[in-house]
1. Would you be able to say whether some residue in the range 81-104 is touching a strand residue (DSSP E or B) at 6+ places or on another chain (Cβ under 9 Å) and farther than 27 Å from Glu166 by Cβ?
2. What are the pairs with Cβ atoms under 6 angstrom where one residue, in the range 126-154, is at positive phi and the other, located anywhere, is open to solvent by less than 40 Å² (accessible area, probe 1.4 Å)? Sequence gap at least six, or different chains.
3. Taking Asp117 as meeting all but one of (1) in a helix (DSSP H, G or I); (2) surrounded by fewer than 21 Cβ atoms within 10 Å (Cβ to Cβ), write down the number of the exception.
4. Inside the range 1-80, counting only helices (runs of 4 or more DSSP H) that do not spill past its ends, which hold 2 or more residues that are under 22 Å from Glu163 (Cβ atoms) and more than 19 Å from the chain's Cα centre (by Cα)?
5. Are any residues in the range 8-31 more than 21 Å from Leu153 (Cβ to Cβ), open to solvent by 30 Å² or more (accessible area, probe 1.4 Å) and touching a Leu at 6+ places or on another chain (Cβ under 9 Å), and if so, which ones?
Amino acid sequence: MELSELQRAIEAILFAAGEPVSIQRMAIATASDYKDVENAAKALTDEYAFSRRGIRLVRLEDSYQMCSSPEQAQYVTTALETRKPPKLSASQLEALTVIAYYQPTTKAFVEQIRGVDSSYCVGALLNKKLIEECGRLNVPGRPFLYRTTPDFLRTFGLRSLEELPEIDRAQMESLGEPQAAEQQEMQL
């Protein structure tokens, strides 16, 4: 498939999907090589940004999503009468930080690090679709495991979790009980 045809196919797929679509899935759908799809999507991303179009392609780990340009946000908001998502409270941001850096993790681990009950924060982050359940820990009680979502990456302008800033994990663990982190890592 030639480049322009592949780019048109990628545009159509991403427009219709309305959510992130993996490069692998687009490669299968277009009967193309993974690298060819990746290069075509990258070229489209650059083209949209260079020509200052009203849409953008955003890469989220191994997926792409079509979205409106940030410069056009006021028009989109006015036209669709949408409101900005509520800001995160300090406690929600703390809980989200623990989950982002130690994922997959449990609510109990978040509570150990923070030193306070985190039920409300975890529930609020789930409602805002910044985190999601991703299984259960294989211990008595089988607590839910949580991880961040593609919405988390979009909200914070990240392509992947590798772009998270470095932290001093020892300092973060000193807020809670250091042994708890070691125990959780051993259980996973």
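1. First, pick out the residues of the range 81-104 that are touching a strand residue (DSSP E or B) at 6+ places or on another chain (Cβ under 9 Å): 95-96, 98-100, 103-104.
With the extra rule that they be farther than 27 Å from Glu166 by Cβ, the set shrinks to none.
So far as the range 81-104 goes, no, none of its residues is touching a strand residue (DSSP E or B) at 6+ places or on another chain (Cβ under 9 Å) and farther than 27 Å from Glu166 by Cβ.
2. Lys129/Thr149; Gly135/Leu145
3. So the condition that Asp117 fails would be (1).
4. On the way: elements: 3-17, 23-29, 34-50, 73-80.
Passing ranges, in order: 34-50.
5. Hit for the range 8-31 is Glu11, nothing else.
Conditions (1) open to solvent by 30 Å² or more (accessible area, probe 1.4 Å); (2) modelled with pLDDT of 90 or more; (3) basic (Lys, Arg); (4) in a loop (DSSP other than H, G, I, E, B), marked per residue:
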| site | (1), (2), (3), (4) |
| --- | --- |
| Val110 | no, yes, no, no |
| Arg142 | yes, yes, yes, yes |
| Leu153 | no, no, no, no |
| Arg159 | yes, no, yes, yes |
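The values are calculated or read from the model by the stated rules, or taken from the named source; none is laboratory data. Keep in mind that what you see is a predicted model, and the values were worked out from it rather than measured. Glycine also receives a Cβ, built like all others from the backbone with ideal geometry; neighbour counts cover every protein chain displayed. Quick note on the areas: whole protein, heavy atoms, side chains included, nothing else; ligands and nucleic acids left out. Shrake-Rupley method; radii C 1.70, N 1.55, O 1.52, S 1.80 Å.
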